[in-house]
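Report on the following structure.
The values are calculated or read from the model by the stated rules, or taken from the named source; none is laboratory data. All figures in this text were calculated on a predicted structure; none of them were measured in a lab. Here the Cβ positions follow ideal geometry from the backbone for every residue, glycine too, while neighbour counts run over all protein chains shown.
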Amino acid sequence: MEGNGFSRRTVLRAGALGAVASALPLVNVHGQNAGGRLALGLWDHWVPTGNDAMRKIVMDWGEKNKVQIELDFITSVGNKNLLTIAAESQAKQGHDVLAFPTWEVHAKSDLLEPMDDVMGRLQQKYGDLNPITEYLAKVQGKWRAVPAISGSQNKPALARFDLLKQHAGLDVREMYPAANKAGPGADNWTWDAFLKAAQACHKAGVPFGLPVGQFTDATDWIGSLFHSFGATLVNEKGDITAKSDNVRQVLDYAKRLCSVLPGDVFSWDDASNNRALISGKSALIFNPPSAWAVAKRDAPDVAKECWSFPPPKGVNGRFTPYLPYFWGLWSFSKNKSAGKALIEHLSQREQAQQMVAASNGYDIPPFGSMTDFDTWETEGPPKGVVYNYPVRPQHNSKQFIACNPAPPEIAVQMYNQAIQAKMIARVSQNGESVDSAIAWAQNELEGFQRG
Amino acid sequence: MSQGTLSAPTAPAAVSPHSTLRRLARRNSTTAFLLTLPLILLVLGLVVYPFLYALYLATLNKRMTKFIGIDNFTFLFSRQTFWDVVLQSVLFAVTAVVVKALIGFILAHVLHALPAKGQRKWRGMLLVPWVIPPAISTLAWWWLFDPSYSAFNWALAGIGVDPVPWLGQAGWARFSVILVNVWYGSPFFMIMYLAALKSVPDQLYEAAAIDGATGWQKLRFVTFPMMRNIISITVLFSLIVTFANFDIVRILTNGGPLDKTHVFATYAFQVGIQSGDIPLGATVSLFMFPLLAIFAIFILRGVNRRTKEMA
């Protein structure tokens, strides 16, 4: 060592410093992921900017809370999300948090972590939720998932206000202005008035675009129609109640309505009604504002004549079709605390506001107190086109999922097998009698009652 | 004399473990087993295990918490919709396979008769429907059949014909799904039959010509008997694939209108995945097995009989 210029003390000090320095990144890495790892499978949004906004919210939260995030957006096209849920529930591994479509919470409730603590805090802060979320996500008194903002949608009427005024004499912008009040004529917006308008528009060559096939857009508006008439096929106890005057009346009404719809509505899918409106061939559809958003891009002349407003009412009331998503945490998740914390974070008003803005007003938060975001006031043209997309007090409407109030395990089968739409098709397309359609439905419903 | 016979053990007690292994490795049967092992593992993992698992699932209740024996099967027997699905599956598969076989047979003969120079070009073009992923080609067909903007209807309107409800009425919808399946599957028959045609010895035709046979007689008494086995095997193979078809019906009609185009796979998906009853979905899909087994027994029995006759 002689003559090398380093003392023993210098070498030891350098060694110690080196050891500390080399250990620092380890400490640092550990600090970055102190909250562990969280794998998320969220819904792949129809609106492309919806995914970007969600990614930013989630990643910012992960960074702040030192949680390593793995984020997948899973499409509902081709039921890819249902297949993922089925596979993960069988394998009991996969993501920690998943976005569950409408009926999946009940189906997988045994494998979902209770969320009562999260829901308790959210309800305390933001008030009441719409009862449909409770029907779909509360199983045996326990919340098994949290109603999601991203992906949840209403399907009110979306119509060409110019055509309705011209051919049916309805000024829907006056009836339902972009303001916290209902205008003249809103009280008379009934299914009878709807039928008259449909007849007038059919005569004018711009028929209403209402699908009567086996896809969700058909099931949703038909579900609301049935409930408006008080036509319940299965009650909350699970008893079949299809043989009733209300069911006969709604089928009779639907037959008259179908006679003024395009002849091919029985084979329409979820895109057919959008195309009918965007192409200018139809005066009215039931849909979220996605059809208007596409028209804004592809057919601006059509888009600027569009207006969203509530569906008509019947003897039992007015019911806006509603299709919610839920955020659920698997019970086999290895990071439940982080999963719950993130879901609670996503459900806060600030995040809801961001998601609504990013989706051009498409997303519907589950809390009534969150329907005052300015996105719905400012979107256009025409300005205020989606103001009446969320259900507002002046609408006198309730959000509704088709096949409610049947127990969810029966309702999911009724919904996915489009029982109500098939009843209408039998009467309208096949020319069967109302009683024959009811007898057919009773037989199918008996099959759905098995446990 | 086989390697196995040459290396047959003589005194097991005196043999060391090393030499036993070496002898085992030298046997033809061992080599054959090892070579087929990857395939055996694939079949076990991708065919046998899923089949047994489906059988297990079919014995569970809807929430998969309880063993219910054959209740799922008896339940299906009591449903009219299920019997409609059985009928439609058979109608779909049998009609599509017969038409595909017929078109394939004709196309193969036309191609065979073409001069060798241009044959490859035509063969390539006729194979195009078969090489396009069916999900994509079916989407293109869907645009042609689209309820409101059908290109076919647009063309029909040009000659004054009323629009056809391609996907909106039971009869037309069944026709449409079968048509797309035929379009997609005919090239497979064509290529198989073409291969069979090329293997028929020319001497047989020459002998038939000397005997004064007409074109039809050559087809009836030479070509057809020589192709019967390949026709049978191709029909069986296509029946299996067509029976299990999912994408065409799913994309074109989703089983509608009024469930009149549902086949086993789409109905199983609707019941199992969409309606949350995986055991019942598995039960529906299992019904393909006995039906296909019946077809397979009849077809393979014929093949065996003819093979023995030829031997």
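Some notes on this structure:
- Within the range A:69-90, if we keep just the residues that are loosely packed, with under 13 Cβ neighbours inside 10 Å and within 12 Å of chain B (Cβ to nearest Cβ), the residue that is nearest to B:Asp277 (Cα to Cα) turns out to be A:Ala87.
- Residues in the range A:262-287 that are touching a Phe, Trp or Tyr at 6+ places or on another chain (Cβ under 6 Å) and either within 14 Å of chain B (Cβ to nearest Cβ) or of a type in the set (Asp, Glu) (or both): A:Asp269, A:Asp270.
- Within the range B:257-286, tally of residues that are more than 10 Å from chain A (Cβ to nearest Cβ), aliphatic (A, V, I, L, M), surrounded by 23 or more Cβ atoms within 10 Å (Cβ to Cβ) and within 14 Å of B:Phe73 (Cβ to Cβ): 2
- Every residue from the range A:198-233 that is within 14 Å of chain B (Cβ to nearest Cβ) and assigned to a loop (DSSP other than H, G, I, E, B): A:Gly205, A:Val206, A:Pro207, A:Phe208, A:Gly209, A:Leu210, A:Pro211, A:Val212, A:Gly213, A:Gln214, A:Phe215
- Every pair of residues 6+ apart whose Cβ atoms lie under 6 Å, when the first sits in the range A:248-264 and is among the β-branched types (Val, Ile, Thr) while the second is in a loop (DSSP other than H, G, I, E, B) and surrounded by 17 or more Cβ atoms within 10 Å (Cβ to Cβ): A:Val250/A:Phe229; A:Val250/A:Ala231
- The range A:358-372, residues that are in contact with a Gly (Cβ under 8 Å, 6 or more places away or on another chain) and outside any helix (DSSP H, G or I): A:Ser359, A:Tyr362, A:Asp363, A:Phe367
- Of all residues in the range A:173-199, those satisfying the criterion of being closer than 21 Å to A:Val391 by Cα, surrounded by 15 or more Cβ atoms within 10 Å (Cβ to Cβ) and of a type in the set (A, V, I, L, M, F, W, C) are A:Met175, A:Ala178, A:Ala182, A:Ala186, A:Trp189, A:Trp191, A:Ala193, A:Phe194.
- Residue within the range A:245-268 that is small (Gly, Ala, Ser), within 27 Å of B:Lys260 (Cβ to Cβ) and touching a Leu at 6+ places or on another chain (Cβ under 6 Å) present: yes
- Boolean, A:Gly41 is closer than 30 Å to B:Asn254 by Cα, away from chain B (no Cβ under 14 Å) and touching a residue at least 12 places away in the same chain (Cβ under 8 Å): yes
- Condition check for B:Asn245 on (1) more than 14 Å from chain A (Cβ to nearest Cβ); (2) closer than 24 Å to B:Trp141 by Cβ; (3) part of a helix (DSSP H, G or I); (4) in contact (Cβ under 8 Å) with a residue 24 or more places away in the chain: one failure, at (3).
- From A:Ser337, A:Ser347, A:Ser359, A:Ser331, residue being surrounded by fewer than 19 Cβ atoms within 10 Å (Cβ to Cβ), in contact (Cβ under 8 Å) with a residue 40 or more places away in the chain, over 30 Å from A:Asp192 (Cα atoms) and not assigned by TED's automatic domain parsing to the domain that holds A:Ala159: A:Ser331
- Of the helices (runs of 4 or more DSSP H) entirely within the range B:100-160, those holding at least 3 residues that are within 14 Å of chain A (Cβ to nearest Cβ) occupy B:134-145, B:151-158.
- A:Ala299 being surrounded by fewer than 18 Cβ atoms within 10 Å (Cβ to Cβ) and in contact (Cβ under 8 Å) with a residue 12 or more places away in the chain: yes
- Looking only at the range B:54-85, and only at residues there that are assigned to a helix (DSSP H, G or I) and without any contact (Cβ under 8 Å) to a residue 40 or more places away in the chain, the one that is nearest to the chain's Cα centre (by Cα): B:Trp83
- Residue count, the range A:254-285 (criterion: within 19 Å of B:Gly256 (Cα to Cα), in a loop (DSSP other than H, G, I, E, B) and among the hydrophobic types (A, V, I, L, M, F, W, C)): 3
- Filter result for A:Arg450 (within 11 Å of another protein chain (Cβ to nearest Cβ) and within 22 Å of A:Asp252 (Cα to Cα)): no
- The number of residues in the range A:200-229 being crowded, with 24+ Cβ neighbours inside 10 Å and of a type in the set (Val, Ile, Thr) comes to 3.
- Residue count for the range B:15-34, restricted to those that are free of Cβ contacts under 8 Å to residues at least 24 places away in the same chain, of a type outside the set (Lys, Arg) and surrounded by 10 or more Cβ atoms within 10 Å (Cβ to Cβ): 11
- A:Asp252 vs. criteria acidic (Asp, Glu) and either modelled with pLDDT of 95 or more or closer than 19 Å to A:Ala204 by Cα (or both): yes
- Taking the numbered list (1) in a loop (DSSP other than H, G, I, E, B); (2) surrounded by fewer than 23 Cβ atoms within 10 Å (Cβ to Cβ) in turn, A:Lys165 passes all entries but (1).
- Test result for B:Phe289, crowded, with 16+ Cβ neighbours inside 10 Å, under 20 Å from B:Ser238 (Cα atoms) and away from chain A (no Cβ under 11 Å): no
- Among the conditions (1) buried (at least 23 other Cβ atoms within 10 Å of the Cβ); (2) under 26 Å from A:Pro288 (Cα atoms), the only one that A:Ala437 does not satisfy is (2).
- All conditions but one from (1) closer than 22 Å to A:Phe400 by Cα; (2) away from chain B (no Cβ under 14 Å); (3) in contact with a Gly (Cβ under 6 Å, 6 or more places away or on another chain); (4) not basic (Lys, Arg) apply to A:Gly314; the one that does not is (3).
- Number of positions in the range A:240-290 that are polar (S, T, N, Q) and surrounded by fewer than 16 Cβ atoms within 10 Å (Cβ to Cβ): 3
- Residue match in the range A:71-78 (condition: more than 17 Å from the chain's Cα centre (by Cα), within 30 Å of B:Leu57 (Cα to Cα) and touching a residue at least 40 places away in the same chain (Cβ under 8 Å)): no
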